[in-house]
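Asker: First the structure, then my questions, so here it is.
The values are calculated or read from the model by the stated rules, or taken from the named source; none is laboratory data. Everything numeric here is computed off the predicted structure, so don't read it as measured data. In this analysis, Cβ positions are derived from the backbone assuming ideal geometry, glycine residues included, and neighbour counts consider all displayed protein chains. SASA here: full protein model, heavy atoms, side chains in, ligands and nucleic acids out. Shrake-Rupley method; radii C 1.70, N 1.55, O 1.52, S 1.80 Å.
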Amino acid sequence: MKPIIENDDPRLTAFLLGELGELESAQIQEAITNSPDLEIAVSEIRQMIGLLGVAYASESPWALLDEQKTELARAEIDSN
């Protein structure tokens, strides 16, 4: 029997990120529970989410260069 969802269904990621409603979450959870392939897919997605979290946490926050800040300040003065 074919699973309700495929291994590459974006709802799996949405499920892990808590972005689905209660009913859809329950349906996805049931599908995962009944499918070893989906369990593996969810485990892989969970690992990727963790890796991305670590990668983004180590990134420097984006900031404007001093020249850009100066140019924005000039533009604001000129517009007033």
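Asker: Of all the residues that make up segment 21-47, how many are within 15 Å of residue 8 (Cβ to Cβ) and more than 18 Å from the chain's Cα centre (by Cα)?
Answerer: Result for segment 21-47: 7.
Asker: Considering segment 1-44 alone, what residues qualify as being touching a residue at least 12 places away in the same chain (Cβ under 8 Å), open to solvent by 60 Å² or more (accessible area, probe 1.4 Å) and part of a loop (DSSP other than H, G, I, E, B)?
Answerer: Selection gives 4, 7, 8, 17, 34.
Asker: Let me ask you something else. So, of the residues in segment 1-27 that are within 11 Å of residue 38 (Cα to Cα) and β-branched (Val, Ile, Thr), which turns out to be modelled with the lowest pLDDT?
Answerer: Across segment 1-27, the extreme among qualifying residues is 4.
Asker: Are any residues in segment 48-62 open to solvent by 60 Å² or more (accessible area, probe 1.4 Å) and more than 14 Å from residue 14 (Cα to Cα), and if so, which ones?
Answerer: Once the filter is applied, which keeps residues that are open to solvent by 60 Å² or more (accessible area, probe 1.4 Å) and more than 14 Å from residue 14 (Cα to Cα), segment 48-62 yields 51, 52, 54, 56, 57, 58, 59, 60, 61, 62.
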